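For reference, the structure discussed in these notes is given below.
The values are calculated or read from the model by the stated rules, or taken from the named source; none is laboratory data. All values reported here derive from a predicted model rather than from experimental measurement. Neighbour counts are summed over all protein chains in view; Cβ atoms, including those assigned to glycine, are modelled from backbone coordinates with ideal geometry. In case anyone asks, the SASA skips ligands and DNA or RNA and just uses the protein heavy atoms, side chains included. Shrake-Rupley method; radii C 1.70, N 1.55, O 1.52, S 1.80 Å.
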Amino acid sequence: MKVAKFGGSSVASAEQIRKVAAIISEDHDRKIVVVSAPGKRDKNDSKVTDLLIELGELSLATGEAESELQAVLERYRSIAEELKIDGDIITLIETDLRERLATNRHNPGVFMDSIKASGEDNNAKLIAAYLKSTGLNATYLNPKDAGLLVSDEPGNAQVLPEAYDQLIKLRDHEGVIVFPGFFGYSPEGTLVTFPRGGSDITGAILAAGIQAELYENFTDVDSVYAANPNVVNEPVEIKRMTYREMRELSYAGFSVFHDEALIPAFRKGIPVCVKNTNNPSTSGTMIIAEREYFFNPVIGIAADDGFSTIYVRKYLMNREVGFGRRLLQILEDEGLSYEHIPSGIDDTSVILREHQLTDEMQERIIDRIKNELHADDVYIEKDFSMVMIVGEGMHNTVGVSARATAALARAHVNIEMINQGSSEVSLVLGVHQEDADRAVQALYEEFFGASDGTIQ
Ligand code: ASP
């Protein structure tokens, strides 16, 4: 059995949904189809999820958002009309949305989750109706009925282990299940969404839940590439990579697959294949437990911006028992999550995502570190990028960091921080944001310049 997940661009229009139908009918093992909300039909279009966020926010603020509601309905209407779906699917979708908008707003997070999730929920109903009309035995299934139980944090759900006891039963289902991505239900019955892009997570949970032989993730590119095609000209295609490599690259900005989506597949050892809805005959990228590392110790180069550093210096820091714990305790008290902590003898830097730091928060943090830890110097620097060289083969290969730093030196990129985790799956280089593209290009040239188009 396979789980096939189709992302927003794969279900953005009638034409795309026809391709989805063809892909499903071509392989009878594709038993569970997970769908996103309709995405962008072209560059200037809006994702339905974004329209729904506008609708929900305006409705919360003013109690009135009729034209925003109509904009969402219009997207479904144009798809349903072109696909000639019988029955009153649009009336059904409209009633559903109006009901959601009329629910209690005392908890805005819960209200917004219900509005956001309607994007996938109604699309799944629409696609199931279309598949049925083509003669396929397809049924829409709601995550509540399937037992997709998640934690109760709006916009940030995590699957609960007991969900898997329920999901395994889906194996016995007759025909194709069309399942909305992006949300589940708490044990109390509240709808909760995953983080943005979370339909990938739903697909991975279901694949793990039914112990699928394969989790296919259909998107709009032929494969995962070794670098961002907007930064590097025609980067090579990756044919095989490991879960850990994909996770590291997703973390650092490869948007093709959600970084949290790999964990369920990885735990159950289910291979993941990234494929193109617009070109389904290409083999795509396989994400598996192990690959041959000898020829390609490095698999990809990623970069993500929007990082800040909290720099802390205190003489004899190395001898002060508990300094690190107290420093991190301050961050925990303030609800801040950190990414890296490169350290010297008398100084340390905590690197974290910039969006968490308001001006007020920065002042408070600096004050607290100075006063509570008696630090000699504390300051925050902004606008850093983390450039990551990723590859499980680095572990057994001498000279990767030397090649990387030499390539950056030749490109006149100043390295502000280097961090290599003990697993050696990735080497993280902190650079100023304005140098990030140049750094990626230089590293790509160094590690893939001689490649012939694909890496196995
Ligand atoms: N529609 C949701 C989003 O745009 C989830 C997804 O497409 O994966 O974030």
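Largest accessible area first, the listed residues Val159, Val321 line up as Val321, Val159 when surface is computed with a 1.4 Å probe on the assembled protein chains.
When nucleic acids and ligands are ignored and a 1.4 Å probe is applied, Arg438 ends up with an accessible area of around 100 Å².
Take each peptide in 19-30, 424-435, count the other Cβ atoms within 10 Å of every residue, and average; sorted highest first, the result is 424-435, 19-30.
Accessible surface calculations at 1.4 Å, restricted to protein heavy atoms, place the range 1-122 at 44 Å² per residue. For the chain, the fraction of 1.4 Å probe accessible surface lying on carbon and sulfur atoms is 47 percent. The residues of the range 304-440 expose, per residue, 51 Å² of accessible area to a 1.4 Å probe.
Would you work out if the range 168-227 is rounded, prolate or oblate? Take a ≥ b ≥ c from the square roots of the eigenvalues of the alpha-carbon gyration tensor; rounded if a/c is under 1.5, else prolate when a/b is larger than b/c, oblate otherwise. Oblate, because a/c is 1.5 or more while a/b does not exceed b/c. Projecting the Cα atoms of Leu131, Leu92, Asn104 onto the charge dipole of the range 75-135, computed from C-beta unit charges around the Cα centre, puts Asn104 farthest toward the positive end. When a/c reaches 1.5 or more, the comparison of a/b and b/c decides; with that in mind, is the range 102-169 rounded, prolate or oblate per its Cα gyration tensor? It is oblate, given that a/c is not under 1.5 and a/b is not larger than b/c.
Here's how it looks for Ile455: its modeled amide H is under 5 Å from those of Glu237, Ile238, Lys239, which are all 5 or more places away or on a different chain. Projecting the Cα atoms of Gly430, Ala450, His374 onto the charge dipole of the range 367-453 (Cβ charges, centred on the Cα centre) puts Ala450 farthest toward the positive pole. At full extension, Asn371 and Gln211 could sit 52.3 nm farther apart than now, given 0.36 nm per residue minus the alpha carbon distance.
Counting only Cβ charges, +1 for Lys and Arg and -1 for Asp and Glu, the dipole size of the range 329-375 around its Cα centre is about 80 debye. Each residue, Asp383 and Thr454, gets one label point 7 Å from its Cα in the Cβ direction; the gap between the two is 4.2 nm. FRET efficiency for the pair Leu58 and Asn318, taken as 1/(1 + (r/R0)^6) with r the Cβ-Cβ distance and R0 = 51 Å, rounds to 0.40.
Stick to the Cα atoms of the range 53-195, pair each with every other, and give me the Kirkwood hydrodynamic radius in Å at one decimal.
16.1 Å
Between Met1 and Phe295, the simple label model (points 7 Å from Cα in the Cβ direction) yields a spacing of 3.7 nm. Projected label points at Arg267 and Glu332, each 7 Å from Cα along the beta carbon direction, are separated by 2.3 nanometres. About its Cα centre, the range 48-174 has a charge dipole of approximately 260 debye under the convention of +1 per Lys or Arg Cβ and -1 per Asp or Glu Cβ, with nothing else charged.
Lys31 sits with roughly 60 Å² accessible to a 1.4 Å probe, with DNA, RNA and ligands left out of the calculation.
Each of Ser308, Phe266, Leu327 was scored by the projection of its Cα onto the charge dipole of the range 216-342, and the greatest displacement toward the positive side belongs to Leu327; charges sit on the C-beta of Lys, Arg, Asp and Glu. Ranked by the mean number of other Cβ atoms within 10 Å of their residues, highest first, the peptides 57-66, 387-396, 250-259 fall in the order 387-396, 250-259, 57-66.
Shape verdict for the range 143-185, please, from the Cα gyration tensor: rounded (a/c under 1.5), prolate (a/b greater than b/c) or oblate. Oblate shape, in that a/c is at least 1.5 and b/c is the bigger or equal ratio.
FRET efficiency for the pair Asn44 and Ala71, taken as 1/(1 + (r/R0)^6) with r the Cβ-Cβ distance and R0 = 25 Å, rounds to 0.95.
Ellipsoid fit via the Cα gyration tensor, the chain: semi-axes of 40, 28, 20 Å, each the root of five times an eigenvalue, largest first. Using just its DSSP H runs of length 4 or more, each adding -39500 (n - 2.57), the chain gives a mean residue ellipticity at 222 nm of -11500 deg cm²/dmol after division by all residues.
Taken about its Cα centre, the range 308-456 carries a charge dipole of roughly 420 debye when the Cβ of each Lys and Arg holds +1 and the Cβ of each Asp and Glu holds -1.
Here the extension length gained between Gln433 and Asp29 equals 140.9 nm, from 0.36 nm per residue of separation less the Cα-Cα distance.
Quick one: net charge of Glu248's neighbours, Cβ under 15 Å, K/R +1, D/E -1?
Neighbourhood net charge equals -4.
For Lys314, the lysines whose Cα falls under 20 Å of its own Cα, not counting residues fewer than eight places away in the same chain, are Lys370.
Relative contact order for the chain using alpha-carbon pairs under 8 Å, separation at least 6, rounded to a whole percent?
13 percent
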